[in-house]
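Structure, as structure tokens:
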Amino acid sequence: MASTLTDNQRELLSALVERVDPLAVAHEMVDAFRSEITGYTRLPESVLTGQILDVSRSNVELFFRSITSTSGPPSEEELLPYRESARSRAEEGLPLEDLLHAYRLGGRLGWQALLDAALPDEYPALLAAAEPLMHYIDSVSAAVAQTYLDEHQHIVSEEERRQRALVEALVHPEREAPALRDLAERVGFPLAETYRPFAKALPGAPTHAHSQLASALRTRGVLALTEGDRVTGLATEDADEAVFSRPQGLYALGMPAPRAELAVALDDMRLLVGVARREGLEGSIEVDGFLLELLLARAPDLADRLAGRVLGPLEAYAERRSSDLLETLEAFLECGLDRRQTAQRLHVHPNTLDYRLRRIAELTGLEPGRPRDLVLLELALARRKLPPGRRGY
């Protein structure tokens with residue numbers, strides 16, 4: 001459909017979009033997706049800050065071009081990134097309604113960014129751009145929906161649908177399906193009171209490699225589902241851990257948990273794999289090595305409050321000065337509060353280290369030498385390993 005915008009309106013809108021940073025809007029979109037859309041809370045942070053952030057930025061830029069040029073609706077070539085993203089979301093099992101919700105939400109946030117940046121004399125031109133925005137969202141959403149449905153039909157077999165339905169029923173017993181026993185028999189997975197949750201990732205491998213991994217795990221008697229660049233699911237209580245060690249990568253296998261606790265336990269496995277991936281670890285990831293992260297993930301509000309008290313002042317100080325107090329604090333704690341070793345590691349004079357430690361205490365009100373304060377400082381640094389804005393899953 002041809003745009004009804006006049007040349008003068010386009011000139012005003014061109015000046016307006018120049019004042020809006022597409023990347024900043026894209027980050028706001030991703031934050032909204034992870035906090036407002038259920039399906040996106042399950043996606044790995046690497047997917048959210050990777051493909052989804054890139055596509056969101058492209059979406060903002062393309063919309064801005066659509067209201068400042070006479071090129072008309074997005075071309076098939078311009079729609080390719082959104083189609084590819086839709087295929088990935090279908091492979092991950094993200095519901096179509098969540099995907100379309102994201103595009104509607106993104107459109108609203110993009111529009112709000114323009115409103116916030118508009119000058120009074122630009123309001124009439126911006127109002128005239130409302131209709132092109134609606135047509136733009138319609139055309140992108142239609143392409144995304146069609147691609148999703150085509151891919152979903154191609155990759156989701158009846159067996160996989162049953163696997164997904166069974167996992168959902170087992171981890172959410174309050175929503176248990178009436179035909180659970182029949183479903184379990186069809187899948188060939190025994191019903192029990194307890195199961196072992198797991199998550200496995202192949203760092204650097206594409207989504208289709210994880211789909212193949214999930215398929216291989218199913219042949220070994222495991223309920224396995226693809227979630228972007230990881231695989232999660234359930235194993236029986238007597239499952240052989242060697243099943244998860246092939247192929248190489250990293251995995252977290254939880255202890256047997258009753259069905260009423262599986263949802264939280266499975267989230268813990270997602271968190272462990274996510275943190276371990278960022279740490280560059282491989283192989284089996286043990287819960288005991290990440291107890292602080294798990295505690296913080298289960299109390300996100302308190303974790304954010306602690307981070308604000310400790311990390312906020314230190315990050316603000318780093319922006320004003322060249323000295324990085326966070327790096328100093330991390331090194332001091334990792335060196336077991338040994339001042340001489342810390343100074344050597346940071347390549348600074350011991351007196352410089354002492355000054356920085358005093359500044360840390362002044363800014364946070366916490367002394368590393370006091371046991372209770374030391375615990376809070378350790379927890380705050382552990383919070384840095386978790387993604388912002390959610391529990392870290």
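Within the stretch 169-194, can you find the residues that are assigned to a loop (DSSP other than H, G, I, E, B), charged (D, E, K, R) and modelled with pLDDT of 85 or more? Break it down into steps so the answer makes sense when it comes.
Here is the first cut: in the stretch 169-194, the residues assigned to a loop (DSSP other than H, G, I, E, B) are 172, 176-179, 188-193.
Still in the running and charged (D, E, K, R): 176, 193.
The one that is assigned to a loop (DSSP other than H, G, I, E, B), charged (D, E, K, R) and modelled with pLDDT of 85 or more: E193.
Looking only at the stretch 1-59, count every residue that is of a type in the set (S, T, N, Q) and over 23 Å from L94 (Cα atoms) and tell me the total. Lay out the reasoning, then the answer.
In the first step, residues of the stretch 1-59 are kept if they are of a type in the set (S, T, N, Q); the result is 3-4, 6, 8-9, 14, 35, 38, 41, 46, 49, 51, 56, 58-59.
So of that shortlist, the ones also over 23 Å from L94 (Cα atoms) come out as 3-4, 6, 8-9, 14.
Residues flagged as of a type in the set (S, T, N, Q) and over 23 Å from L94 (Cα atoms) within the stretch 1-59 amount to 6.
Look at R218 and say whether it is closer than 16 Å to V171 by Cβ, of a type outside the set (S, T, N, Q) and either part of a helix (DSSP H, G or I) or open to solvent by 10 Å² or more (accessible area, probe 1.4 Å) (or both).
Details: closer than 16 Å to V171 by Cβ: no; of a type outside the set (S, T, N, Q): yes; either part of a helix (DSSP H, G or I) or open to solvent by 10 Å² or more (accessible area, probe 1.4 Å) (or both): yes.
For R218, the condition - closer than 16 Å to V171 by Cβ, of a type outside the set (S, T, N, Q) and either part of a helix (DSSP H, G or I) or open to solvent by 10 Å² or more (accessible area, probe 1.4 Å) (or both) - is not met.
Here the helices (runs of 4 or more DSSP H) wholly within the stretch 300-393 that include at least 2 residues being within 32 Å of the chain's Cα centre (by Cα) and either farther than 28 Å from T49 by Cα or at pLDDT below 90 (or both) are 300-320, 325-334, 350-364, 371-383.
Can you tell me which residue in the stretch 64-88 is most open to solvent (accessible area, probe 1.4 Å), limited to those that are assigned to a loop (DSSP other than H, G, I, E, B) and of a type in the set (S, T, Y)?
We begin by selecting, within the stretch 64-88, every residue assigned to a loop (DSSP other than H, G, I, E, B); these are 69-75.
In the following step, the residues that additionally are of a type in the set (S, T, Y) were identified as 69-71, 75.
On the way: S69: 38, T70: 112, S71: 89, S75: 50 Å².
In this case the residue turns out to be T70.
Residue count for the stretch 244-260 under the criterion of being assigned to a helix (DSSP H, G or I) and modelled with pLDDT under 90: the result is 1. The residue list V140, V144 contains one member that is open to solvent by less than 30 Å² (accessible area, probe 1.4 Å), modelled with pLDDT of 90 or more, part of a helix (DSSP H, G or I) and within 30 Å of R218 (Cα to Cα), which is V144.
Only one of L149, L126 is surrounded by fewer than 14 Cβ atoms within 10 Å (Cβ to Cβ) and touching a residue at least 40 places away in the same chain (Cβ under 8 Å). Can you tell me which? Give the steps one after another, and end with the answer.
Working: L126 fails: surrounded by fewer than 14 Cβ atoms within 10 Å (Cβ to Cβ).
None of the others qualify; the one that does is L149.
Of these, G274, G280, which one is within 20 Å of the chain's Cα centre (by Cα), loosely packed, with under 13 Cβ neighbours inside 10 Å and not β-branched (V, I, T)? Quick ask: steps written out before the conclusion?
Values: G274 fails: loosely packed, with under 13 Cβ neighbours inside 10 Å.
Matching residue, one of G274, G280: G280.
Every test in (1) open to solvent by 10 Å² or more (accessible area, probe 1.4 Å); (2) in contact (Cβ under 8 Å) with a residue 40 or more places away in the chain; (3) among the small types (G, A, S) is passed by G106 save one, and that test is (1).
Any residue at all in the stretch 232-240 that's crowded, with 17+ Cβ neighbours inside 10 Å and within 26 Å of G50 (Cα to Cα)? Write out each step before concluding.
In the first step, residues of the stretch 232-240 are kept if they are crowded, with 17+ Cβ neighbours inside 10 Å; the result is 232-235, 239.
Still in the running and within 26 Å of G50 (Cα to Cα): 232-233.
Yes; the residues of the stretch 232-240 include at least one that is crowded, with 17+ Cβ neighbours inside 10 Å and within 26 Å of G50 (Cα to Cα).
The combined condition, being out of contact with any Ser or Thr (no Cβ under 9 Å at 6 or more places or on another chain) and exposed (fewer than 15 other Cβ atoms within 10 Å of the Cβ), is not fulfilled by S35.
Taking each residue of the stretch 253-278 that is closer than 12 Å to K385 by Cα and touching a residue at least 40 places away in the same chain (Cβ under 8 Å) and looking for partners that are aliphatic (A, V, I, L, M) and in a helix (DSSP H, G or I) with beta-carbon atoms closer than 8 Å, six or more apart or interchain, yields L271/L294; L271/A297; L272/V287; L272/L294.
The values are calculated or read from the model by the stated rules, or taken from the named source; none is laboratory data. From a predicted model like this one, the values you see are computed outputs, not experimental measurements. Every residue, glycine among them, receives a Cβ derived from its backbone with ideal geometry; neighbour counts consider all protein chains shown. These area figures cover heavy atoms from the full protein model, side chains too; ligands, DNA and RNA do not enter into them. Shrake-Rupley method; radii C 1.70, N 1.55, O 1.52, S 1.80 Å.
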